[in-house]
Amino acid sequence: TVGQTITCKAAIAWGAAEPLSIEDVEVAPPKAHEVRIQIHHTGVCHTDAYTLSGKDPEGAFPIVLGHEGAGVVESVGEGVTSVKPGDYVVALYTPECRECKFCKSGKTNLCGKIRATQGKGVMPDGTSRFKARGKDILHFMGTSTFSQYTVVADISVVAVTPKISTDRSCLLGCGITTGYGAAVVTAGVEEGSNVAVFGAGCVGLSVMQGAVKNKAGKIIAVDVNDGKEAWARKFGATDFVNPTKLSGQSIQERLIEMTDGGCDYTFDCTGNVGVMRAALEACHKGWGESIVIGVAAAGQEISTRPFQLVTGRVWKGCAFGGIKGRSQLPGLVDDYLNGELKVDEFITHRQPLDAINSAFEQMKQGDCVRCVVDM
Ligand code: NAD
Ligand code: AHE
Ligand code: ZN
């Protein structure tokens, strides 16, 4: 198949808010500095549903969604040295070129090299590698993992040991790494510090896991679903608060009371802008930091009294947890293999590619942490 177009199955999103359609897609061979991957497993993340809904200002159709995938390199284009055919890999929606201003800054994991074309749904040369029903189909987040074969830039992929199976490593492609990195890298939670995590889904539970790793003091899980209390405690939460069940007290007031003046670190893992405000205002005066992780729908804006910032609270955010995928993902895999990072526990549902629309349905239900799709 090297150098040839491969015809395989993919889930195609032809239009906003329409179910995905499983059909034959032609996947062109990788050009220079590109890699064609056989995807074995992919997770389904809320960001896929967000773009499918039509609310993502960067979303365009028809497109192959999916950005939490793992598999094996099938072939590589000219000039590719970082991976080779047969390598087990995880696709990276946050690439790492090691050459751009962002990569060299030492201050961020956001790589600028291919961000413009990635946002337009095309490969760095401005064209697509996918065709179905004779039409060009767009790429998504530089990864498009809802296809049995996909093509990505060589900076958008990292090789990992095959000792971790792809149904686990795929989850390191987004949800787990995002939350864990937000706590460990972006916030840099310190020993004994008090942490509140809003939203106990895949991302929030991973923040809790990172807070435990860094020996936080209180780890307070905040969720509107009481069913998440057991989950949160399993991942290291010391306390659980359901904000809908507080009488005459706001969630920020309750958290300030529980932590003698406010949290050292808070995390929004919901994408709700009202929650983002509460998370900022639950921070300790003088130093508390709130990290926005959730993706809010188009047109939504955050607000608070500027006095909150004047008095020392810090508002920030991160993508992919602030983790540099090519440099740092293999270390997370080692942590998993050494029993220091939970991954298996996140998988609550499984579906074959044919039933990927059920995975989207299940994701919206309260008992689903992650559904892994077997390609
Ligand atoms: P999820 O749906 O599994 O979890 C969200 C949790 O928030 C649920 O348990 C839900 O009950 C809870 N919740 C909802 N409203 C709430 C409220 N008002 N107060 C408290 N809890 C509330 O989602 P997830 O997969 O964990 O993703 C969380 C968010 O992170 C999404 O917006 C997703 O798009 C985003 N995300 C961002 C990045 C990034 O790099 N920045 C990466 C992955 C996901
Ligand atoms: N395209 C959206 C923004 C979506 C977004 O924030 N994506 C995150 C990853 S979410 C993963 O589940 C991200 O990586 N952002 C950084 C970047 O460069 O895209 C919009 O609103 O336009
Ligand atoms: Zn995601």
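At-a-glance table
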| quantity | calculated |
| --- | --- |
| Flag if S82 is within 16 Å of ligand 2 (Cβ to nearest atom), part of a loop (DSSP other than H, G, I, E, B), hydroxyl-bearing (S, T, Y) and in contact (Cβ under 8 Å) with a residue 24 or more places away in the chain | no |
| Qualifying residue in the range 280-299 (condition: surrounded by 14 or more Cβ atoms within 10 Å (Cβ to Cβ), under 26 Å from T42 (Cβ atoms) and acidic (D, E)) | no |
| The range 242-292, residues that are among the small types (G, A, S), away from ligand 1 (no atom under 15 Å from the Cβ), at negative phi and in contact with a Ser or Thr (Cβ under 8 Å, 6 or more places away or on another chain) | G288 |
| Counted residues, the range 158-193 - those being within 16 Å of ligand 2 (Cβ to nearest atom), of a type in the set (V, I, T) and either over 15 Å from N109 (Cα atoms) or surrounded by fewer than 21 Cβ atoms within 10 Å (Cβ to Cβ) (or both) | 2 |
| Residue among V80, V64 that is touching a Ser or Thr at 6+ places or on another chain (Cβ under 6 Å), away from ligand 1 (no atom under 16 Å from the Cβ) and of a type in the set (V, I, T) | V64 |
| Matching option when the condition is within 16 Å of ligand 3 (Cβ to nearest atom), over 26 Å from R133 (Cα atoms) and at pLDDT 95 or above, among H67, H46, H33 | H46 |
| Unmet requirement for S75, which otherwise passes all of (1) assigned to a strand (DSSP E or B); (2) within 16 Å of ligand 3 (Cβ to nearest atom) | (2) |
| Among residues of the range 9-43, those that are in contact (Cβ under 8 Å) with a residue 60 or more places away in the chain, outside any strand (DSSP E or B), in contact with a helix residue (DSSP H, G or I) (Cβ under 9 Å, 6 or more places away or on another chain) and more than 18 Å from D87 (Cβ to Cβ), counted | 2 |
| Conditions (1) within 12 Å of ligand 2 (Cβ to nearest atom); (2) hydrophobic (A, V, I, L, M, F, W, C); (3) surrounded by fewer than 22 Cβ atoms within 10 Å (Cβ to Cβ); number of the one not met by C100 | (1) |
| Residue in the range 354-362 that is touching a strand residue (DSSP E or B) at 6+ places or on another chain (Cβ under 9 Å), more than 30 Å from H284 (Cβ to Cβ) and of a type in the set (F, W, Y) present | yes |
| Counted residues, the range 293-341 - those being in the same structural domain as L280 (by TED's automatic domain parsing), touching a strand residue (DSSP E or B) at 6+ places or on another chain (Cβ under 9 Å) and over 28 Å from G59 (Cβ atoms) | 6 |
| Condition broken by C368, with the remaining ones in (1) surrounded by 16 or more Cβ atoms within 10 Å (Cβ to Cβ); (2) in a helix (DSSP H, G or I); (3) touching a strand residue (DSSP E or B) at 6+ places or on another chain (Cβ under 7 Å) satisfied | (2) |
| Those helices (runs of 4 or more DSSP H) lying entirely in the range 288-365 with at least 2 residues of a type in the set (S, T, N, Q) and at pLDDT 95 or above | 325-337, 356-363 |
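So that you can scan it fast, the table gives a plain yes or no per residue for (1) in the same structural domain as G71 (by TED's automatic domain parsing); (2) free of Cβ contacts under 8 Å to residues at least 12 places away in the same chain; (3) in a loop (DSSP other than H, G, I, E, B); (4) within 16 Å of ligand 1 (Cβ to nearest atom):
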site	(1), (2), (3), (4)
N109	yes, no, yes, yes
A116	yes, yes, no, no
V122	yes, no, yes, no
G126	yes, yes, yes, no
I137	yes, no, no, no
G142	yes, no, yes, yes
T145	yes, no, yes, yes
I155	yes, no, no, no
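Here's the yes/no breakdown for (1) assigned to a helix (DSSP H, G or I); (2) in contact with a Ser or Thr (Cβ under 9 Å, 6 or more places away or on another chain):
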residue: A196; (1), (2): no, yes
residue: V203; (1), (2): yes, yes
residue: V207; (1), (2): yes, yes
residue: V212; (1), (2): yes, no
residue: A216; (1), (2): no, yes
residue: V224; (1), (2): no, yes
residue: W231; (1), (2): yes, no
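The values are calculated or read from the model by the stated rules, or taken from the named source; none is laboratory data. Here the structure is a predicted model, which is why all the values come from computation and not from measurement. Positions of Cβ are backbone-derived with ideal geometry, glycine not excepted, and every protein chain shown enters the neighbour counts.
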